[in-house]
Amino acid sequence: LTPAGDFLASCNTRRADDVVRMLDRAWAEWEELEPAQRSRAVAGDVRRFERLYPKDGLVLRVVSRDLQGATCAEPWHETAWNQDFAWFTAEEARSLVPTGDTIGATVEWPRALVDRLARLHLVDNVRGQTSPFARDALKAGTLTSTLTAIDGDLATLECEGTLRLSQEGSWSVGGFTDANAATPQSRSLDATLIGRATFDRSQGRFIEFRAVVVGTRTGGTQFNQRANDLDASTIGFAFDAVPDEPGFRVAPAHIWEYGWLK
């Protein structure tokens, strides 16, 4: 707990001592629990979205950042970036792979997956939190996978496509300063995706998946720090498959829109 205390103190937080005492008390109470009680406490927390982690599917880390043209009102805006995770079940991942062994065979991604990826993960969270695009925001979009090589059980794919999202309505863009003063707003993204992936047919899973999305964004949302930067600028997203390790088992920011919650 010392690092936590040092960090809070360095932030000149007058409540630092109270927070450290609270953490000390919580840790002490945890230590008093019997092993069986600890197991029940962890297993019983069914509210955590990580319980839906697609262990046999595809998990992509999504990194976003501005590329050029953005208005940087603060120095940190120039180097800002953010990340999220995109999940695909095993069945969804297999639907991205052409069947057969014909080089050049192409499969179009299911519309539901294109919509989910675009609306929930191609969002402007570079500088802060943002809401997903509205459910009717995807105006045009097609993504395809093409089989380019086969080496034993390994199939190499090239992925590509274009996406266009736009949304109009009334909401705030200034954080808490205009929280109760929504005004007519719009947001949009016109983007292109290119990528390469390797699918192991014997395992029925991707062992590599890398893609980039580059596009032009406009508009802002309440907490994404774009109040002074609503005009068009270029944004980029990088997708990369991550290993099945605890540090990467983080639920997507907008998982409640996945339709997985029962």
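Identify, please: which residue in region 138-162 is surrounded by fewer than 19 Cβ atoms within 10 Å (Cβ to Cβ) and of a type in the set (A, V, I, L, M, F, W, C) and is, among those, nearest to residue 115 (Cα to Cα)?
My answer is 140.
Residue check, residue 194 against (1) part of a strand (DSSP E or B); (2) in contact (Cβ under 8 Å) with a residue 60 or more places away in the chain, all met but one. Which one?
(2)
For region 20-34, indicate whether the set of residues that are β-branched (Val, Ile, Thr) and not in a helix (DSSP H, G or I) is non-empty.
no
What number of residues within region 197-215 are in a strand (DSSP E or B), open to solvent by 60 Å² or more (accessible area, probe 1.4 Å) and more than 14 Å from residue 239 (Cβ to Cβ)?
2
I'm told residue 225 meets every condition in (1) assigned to a strand (DSSP E or B); (2) surrounded by 14 or more Cβ atoms within 10 Å (Cβ to Cβ) except one. Can you identify the failing condition by its number?
Only one criterion in (1) assigned to a strand (DSSP E or B); (2) surrounded by 14 or more Cβ atoms within 10 Å (Cβ to Cβ) is unmet by residue 225, namely (1).
Check whether at least one residue in region 30-39 is open to solvent by 60 Å² or more (accessible area, probe 1.4 Å), at pLDDT 90 or above and of a type in the set (A, V, I, L, M, F, W, C), and report yes or no.
no
Take the residues of region 172-188 that are among the hydrophobic types (A, V, I, L, M, F, W, C) and touching a Ser or Thr at 6+ places or on another chain (Cβ under 7 Å): which is least open to solvent (accessible area, probe 1.4 Å)?
Residue satisfying both the conditions and the ranking: 173.
Considering (1) among the aliphatic types (A, V, I, L, M); (2) closer than 13 Å to residue 97 by Cα; (3) out of contact with any strand residue (DSSP E or B) (no Cβ under 6 Å at 6 or more places or on another chain), say which one residue 154 fails and leave the rest.
(3)
Tell me whether region 77-96 contains one or more residues that are closer than 19 Å to residue 232 by Cα, assigned to a loop (DSSP other than H, G, I, E, B) and of a type in the set (Gly, Ala, Ser).
yes
Return only the number of the condition from (1) assigned to a helix (DSSP H, G or I); (2) open to solvent by less than 20 Å² (accessible area, probe 1.4 Å); (3) farther than 16 Å from residue 62 by Cβ that residue 117 does not satisfy.
(3)
The values are calculated or read from the model by the stated rules, or taken from the named source; none is laboratory data. Worth saying up front: this structure is predicted, and the values here are computed from it rather than measured. Cβ sites come from the backbone with ideal geometry, for glycine too, and all protein chains shown count toward neighbours. All accessible areas refer to the heavy atoms of the entire protein, side chains included, with ligands and DNA or RNA removed. Shrake-Rupley method; radii C 1.70, N 1.55, O 1.52, S 1.80 Å.
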